Amino acid sequence: MNSFLVGGMAAFFSSFLYPIIKFLFPPVIEPDKVTLEYTDYNDMSPYTTQMFAWGNKPGILVKKAGGYHAFIAVCTHLDCNVSFMPEKRMFYCACHDGWYDENGVNIAGPPPSPLKKLDVELDGENLIIFKKGGKNETRKT
Ligand code: FES
């Protein structure tokens, strides 16, 4: 009788805990590539940015004189979102005053490593953003 009661209570509490744990620790969904319509991005001025969805994370596209550069806009310290400061040409994380240069390299504050960089390719009417080194993997299939 006791094991039946304990089992029922465990099932009851786990039905509450599971969604809470899923909310607090969502699964990481990282795509191999994302395709964006180039018409939405072709009029960007140098050192302006636009956000895009990289799975369930924010991506940031930076237009520079030489073309487009893309990064996952998540700080490598404690996963806060970063933003680009065009006047300083740096990425900034407001959570703990973390700074990255325009190439995503961590230069000040607590971030332990560079921002995760993505590959960008213009393919006709599409701007295709690949996981770093994932361009060839995607084309194989
Ligand atoms: S989370 Fe970005 S500096 Fe701490």
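Every number in this text was worked out from the coordinates using simple rules, so none of it is lab data. If you're wondering where the values come from, they're calculated on a predicted model, not measured in any experiment. Cβ atoms come from the backbone with ideal geometry, glycine included; neighbour counts cover every protein chain shown.
Using packing as a proxy for protection, rank 14-20, 48-54, 62-68 so that the peptide with the highest average count of other Cβ atoms within 10 Å comes first.
Highest to lowest by the protection proxy: 48-54, 62-68, 14-20.
Two numbers describe the Cα atoms of the range 33-131: Rg and Dmax, which are 13.0, 40 Å. Residues in the range 119-125 carry Karplus couplings, in order, of 8, 10, 9, 8, 10, x, 8 Hz; the curve used is 6.51 cos²θ - 1.76 cosθ + 1.60 with θ = phi - 60°, and Gly or Pro positions show x.
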